[in-house]
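Below is one structure, written out as structure tokens; comments come after it.
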Amino acid sequence: MDSQNLTREGLLLPDTGEPGFGVYVHWPFCAAKCPYCDFNSHVRHQPVDQERFAAAFLKEMASMRAISGPKTVTSVFLGGGTPSLMKPETVAAVLDGISRYWHVPEGIEITMEANPSSVEAERFRGYRAAGVNRVSMGVQALNDRDLKFLGRLHDVADALKAIKLAREIFPRMSFDLIYARPNQTVEEWERELKEAISYAVDHLSLYQLTIEEGTPFYGLHKAGKLIVPDGDQSALLYEATQEITEREGMPAYEVSNHARPGAESRHNLTYWRYGDYAGIGPGAHGRLTHGPKKLATSTERKPESWLELVERDGHGMVEQEMLGFEEQADELLLMGLRLKEGIDLVRWQQLSGREPDPNREQLLLEHGFIERLGNSRLRCTPAGMLILDSVVADLAC
């Protein structure tokens, strides 16, 4: 069976366990700004010049290719913002550009984020024809009351229609839900999660509602007008999430991501395994190996300013920082301990130049927060995942 048939039937190239090389493209525009969102997203009341932005994406790709050198792409992710506001022709131009600058084998994962409004869902066939083979939808809740609270423009009927259409068109499909919402009980969340699993093909991203500074929710929370579950209630909701998804065959492979075996997000695994990735578009970040060091890149966040920079300079990068071995080791630890598979200790030791502090490691082992997998890997236990930031801080010292 050739690779084109494999892709058409949904049998994407398997995960090799290697970090890989990803390409992330950021479409920064949304139809509305959700009150919990602190992502780099912008609402524009005039039509966006998509052809101009597509040309700028390709121009920035050329600059990133000059830094990265020849690479084989293992995944592409079109994120945002709301990438499903792009015309299929724009998506096709972006994907063709990636193929122009790097080697893109048949059958790699190509993901696009989408919002499940009926207008965007009608474009799904065009995105599939452009090369997208995995869609990740921002459903966020499965009741209309909470969708309204979260500022979403769709209702449950729109979401279910889009899910059904995505299942018919794309080899892979995922959607997001936000839990630990105000007044949400464990029983309510369990019912909603079971319903979600009945719709999901192979992957769910399940995030606890967090109050981010600078968002409308932050102001309401600070004023005492928005009460979210406390730490104990959040822990109960998290534990119920792990139990139900495990039982239903979609265990967590990362703190907030759940998949049937073999359907894990290849692109996100590149981040968490601390692979290289090129970040294209307004507000995008990248990590590109440059000799013995790794170059951290970030681009101008404001779309129009980014566009002017790219058209003038060939890229919109506003920060470039060479990360030394110790900084890379810290980032590897921070990202890798999010994964159920944990971190490759040999790689961490090569970067950091040292072993984990034996006293700190022993203390975490005794409390049941971490465990060794043979001599080569270290990971957080389920209890450790609940205090992940503290575990990372202890091991990084």
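The values are calculated or read from the model by the stated rules, or taken from the named source; none is laboratory data. Fair warning: this is a prediction, and the values are worked out from it, not measured in the lab. Backbone-built Cβ (ideal geometry, glycine too); neighbour counts: all protein chains shown. What goes into the accessible areas is simple: the full protein's heavy atoms, side chains included, and nothing from ligands, DNA or RNA. Shrake-Rupley method; radii C 1.70, N 1.55, O 1.52, S 1.80 Å.
Filter the stretch 138-157 down to the residues that are open to solvent by 40 Å² or more (accessible area, probe 1.4 Å) and either in a helix (DSSP H, G or I) or closer than 16 Å to Thr210 by Cα (or both) and list them by number.
Here is the first cut: in the stretch 138-157, the ones open to solvent by 40 Å² or more (accessible area, probe 1.4 Å) are 143-145, 148-149, 153, 155, 157.
Across the stretch 138-157, the qualifying residues are Asp144, Arg145, Lys148, Phe149, Ala157.
Can you name the residue in the stretch 98-150 that is touching a residue at least 24 places away in the same chain (Cβ under 8 Å) and basic (Lys, Arg) and is also nearest to Ser84 (Cα to Cα) among such residues? Please lay out each step first, then the result.
Pass one, the stretch 98-150, residues touching a residue at least 24 places away in the same chain (Cβ under 8 Å): 98, 100-118, 120-121, 123-143, 146, 149-150.
When the remaining residues are screened for being basic (Lys, Arg), the result is 100, 123, 125, 128, 134.
On the way: Arg100: 23, Arg123: 8, Arg125: 12, Arg128: 12, Arg134: 13 Å.
My answer is Arg123.
Quick one: count up the residues across the stretch 261-291 that are in a loop (DSSP other than H, G, I, E, B), touching a helix residue (DSSP H, G or I) at 6+ places or on another chain (Cβ under 7 Å) and among the hydroxyl-bearing types (Ser, Thr, Tyr).
Number satisfying all stated conditions: 1.
Conditions first: (1) assigned to a loop (DSSP other than H, G, I, E, B); (2) free of Cβ contacts under 8 Å to residues at least 60 places away in the same chain; (3) under 24 Å from Thr72 (Cα atoms); (4) not basic (Lys, Arg). His315 passes all but one, so which condition is the exception?
Of the numbered conditions (1) assigned to a loop (DSSP other than H, G, I, E, B); (2) free of Cβ contacts under 8 Å to residues at least 60 places away in the same chain; (3) under 24 Å from Thr72 (Cα atoms); (4) not basic (Lys, Arg), the odd one out for His315 is (2).
Looking at Leu333, Leu295, Leu307 in this structure, which one is out of contact with any Lys or Arg (no Cβ under 9 Å at 6 or more places or on another chain) and either in a loop (DSSP other than H, G, I, E, B) or hydrophobic (A, V, I, L, M, F, W, C) (or both)?
When all the criteria are applied, what remains is Leu333.
Being closer than 24 Å to Tyr253 by Cβ, touching a residue at least 24 places away in the same chain (Cβ under 8 Å), of a type in the set (A, V, I, L, M) and in contact with a Cys (Cβ under 7 Å, 6 or more places away or on another chain): is that true of Leu333 here? Walk me through how you get there before you give the answer.
Numbers: closer than 24 Å to Tyr253 by Cβ: yes; touching a residue at least 24 places away in the same chain (Cβ under 8 Å): yes; of a type in the set (A, V, I, L, M): yes; in contact with a Cys (Cβ under 7 Å, 6 or more places away or on another chain): no.
It is false that Leu333 is closer than 24 Å to Tyr253 by Cβ, touching a residue at least 24 places away in the same chain (Cβ under 8 Å), of a type in the set (A, V, I, L, M) and in contact with a Cys (Cβ under 7 Å, 6 or more places away or on another chain).
Look at the stretch 158-175 and say how many of its residues are in a loop (DSSP other than H, G, I, E, B) and surrounded by fewer than 16 Cβ atoms within 10 Å (Cβ to Cβ).
First, pick out the residues of the stretch 158-175 that are in a loop (DSSP other than H, G, I, E, B): 170-171.
If we keep only those that are surrounded by fewer than 16 Cβ atoms within 10 Å (Cβ to Cβ) as well, we get none.
Looking only at that region, the number is 0.
Kindly list the number of the only condition in (1) surrounded by fewer than 20 Cβ atoms within 10 Å (Cβ to Cβ); (2) on the phi < 0 side of the Ramachandran plot that fails for Tyr127.
(1)
Can you name the residue in the stretch 261-278 that is open to solvent by less than 30 Å² (accessible area, probe 1.4 Å) and of a type in the set (Phe, Trp, Tyr) and is also nearest to Met61 (Cα to Cα) among such residues?
If we take residues in the stretch 261-278 being open to solvent by less than 30 Å² (accessible area, probe 1.4 Å) and of a type in the set (Phe, Trp, Tyr), then Tyr274 is nearest to Met61 (Cα to Cα).
Hey, can you tell me all the residues within the stretch 91-124 that are open to solvent by less than 20 Å² (accessible area, probe 1.4 Å), in a loop (DSSP other than H, G, I, E, B) and within 22 Å of Thr270 (Cα to Cα)?
Trp102, Gly107, Ile108
Within the stretch 176-204, which residues are modelled with pLDDT of 95 or more and of a type in the set (Phe, Trp, Tyr)?
Tyr179, Trp189
Tally time: how many residues in the stretch 33-62 are open to solvent by 30 Å² or more (accessible area, probe 1.4 Å), out of contact with any Ser or Thr (no Cβ under 8 Å at 6 or more places or on another chain) and not basic (Lys, Arg)?
Residues that pass the stated criteria total 10.
Going through Asp313, Asp330, Asp389, Asp344 one at a time, which residue ends up being more than 18 Å from Ala296 (Cβ to Cβ), among the acidic types (Asp, Glu) and open to solvent by less than 70 Å² (accessible area, probe 1.4 Å)? If you could, list the steps in order and put the result at the bottom.
Numbers: Asp313 fails: open to solvent by less than 70 Å² (accessible area, probe 1.4 Å); Asp330 fails: more than 18 Å from Ala296 (Cβ to Cβ); Asp389 fails: open to solvent by less than 70 Å² (accessible area, probe 1.4 Å).
Answer to the selection: Asp344.
Mind checking which residues of the stretch 359-384 are open to solvent by 30 Å² or more (accessible area, probe 1.4 Å) and within 21 Å of Arg273 (Cβ to Cβ)?
Glu371, Arg372, Leu373, Gly374, Asn375, Ser376, Arg377, Arg379, Pro382
For (1) more than 21 Å from Gly138 (Cα to Cα); (2) over 22 Å from the mean Cα position of the chain (by Cα), each residue gets a yes or a no:
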site	(1), (2)
Trp189	no, yes
Pro216	no, yes
Asp230	yes, yes
Thr245	no, no
Pro251	no, no
Gly262	yes, no
His267	no, no
Tyr277	yes, no
Ala284	no, no
